[in-house]
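Single-structure report; data block below.
The values are calculated or read from the model by the stated rules, or taken from the named source; none is laboratory data. Note that the coordinates shown come from a computational prediction; the quantities given were computed from them, not determined experimentally. Cβ sites come from the backbone with ideal geometry, for glycine too, and all protein chains shown count toward neighbours. For the accessible areas, the whole protein counts, side chains as well, though only heavy atoms, and no ligand, DNA or RNA atoms are used. Shrake-Rupley method; radii C 1.70, N 1.55, O 1.52, S 1.80 Å.
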Amino acid sequence: DCLGFMINPWGQKLVLEKSTVQMLKSYERRAHISIIRGSVLEPHVSAIVNAANNSLLGGGGVDGAIHRAAGPELLAECRTLNGCETGAAKSTKAYNITTADDIIHTVGPVYSGKPTDRVQLSSCYTSSLDESFENGNDSVAFPCISTGVYGYPLDEAAHVALTSIANWLDDHYGILKNVYICCFRDEEYEAYMRLIKG
Ligand code: AR6
């Protein structure tokens, strides 16, 4: 299965096999994860993720802010979606939101302290990334799902989010270039900094 040769920076000749080429491509193309302070409505991206509820008909927190910014056409499209299961994700257009083309609505778990919380929260991130892949989005901005009204502890939520996104990126390569994790509250940003600095 030899496809050719390349010389590495140390002058060694490497045999390129199909699996090596695929690995190099995925490494080159792996999207960059940035943790930023502020609202998901600030960065210019292809898709923003909404931390919604099972009805998908709006609410408080970031959901309320997204519906206010997008305008009533968003609610009209959401009404056609028949709600969304916890851990799943569904896409709509972004309407009056000028910083994004699409909105990916996902529903985080209400924190209960049971092991299912982690599984459902992780599924929110991976289902949203699956949706972004289907949509052809090249950049995605996430809020900190479930850490507001739904009461998920910040350190565990940051760990679940980062590992879920990183594992998904290791398994997929395509047009996704940038993933932003938007920390609206300082405490959310601080939890990520603790996680990264160890
Ligand atoms: N603008 C931007 N980000 C915000 C805003 C805002 N105005 N408010 C909160 N965040 P949350 P959840 C951030 O509570 O915990 C809704 O009523 C917040 O700091 O919005 O998943 C839904 O309809 C955090 O980073 O969502 C559901 O019923 C992130 O948004 C329920 O809340 C998520 O916090 C979902 O609860």
Restricting to the range 176-194, what's the tally of residues that are in contact with an Asp or Glu (Cβ under 8 Å, 6 or more places away or on another chain), within 15 Å of the ligand (Cβ to nearest atom) and assigned to a helix (DSSP H, G or I)? 1
Enumerate the pairs (first residue in the range 169-198 and open to solvent by less than 40 Å² (accessible area, probe 1.4 Å); second residue anywhere and of a type in the set (Asp, Glu) and assigned to a helix (DSSP H, G or I)) with beta-carbon separation below 6 Å, excluding pairs fewer than 6 apart on the same chain, so at least 6 apart or on different chains. Ala191/Asp155
What about Thr126, is it assigned to a helix (DSSP H, G or I) and more than 23 Å from Glu42 (Cβ to Cβ)? yes
Counting only helices (runs of 4 or more DSSP H) entirely within the range 1-100, those with at least 2 residues that are more than 13 Å from the ligand (Cβ to nearest atom), modelled with pLDDT of 95 or more and farther than 21 Å from Ser164 by Cα are 72-79
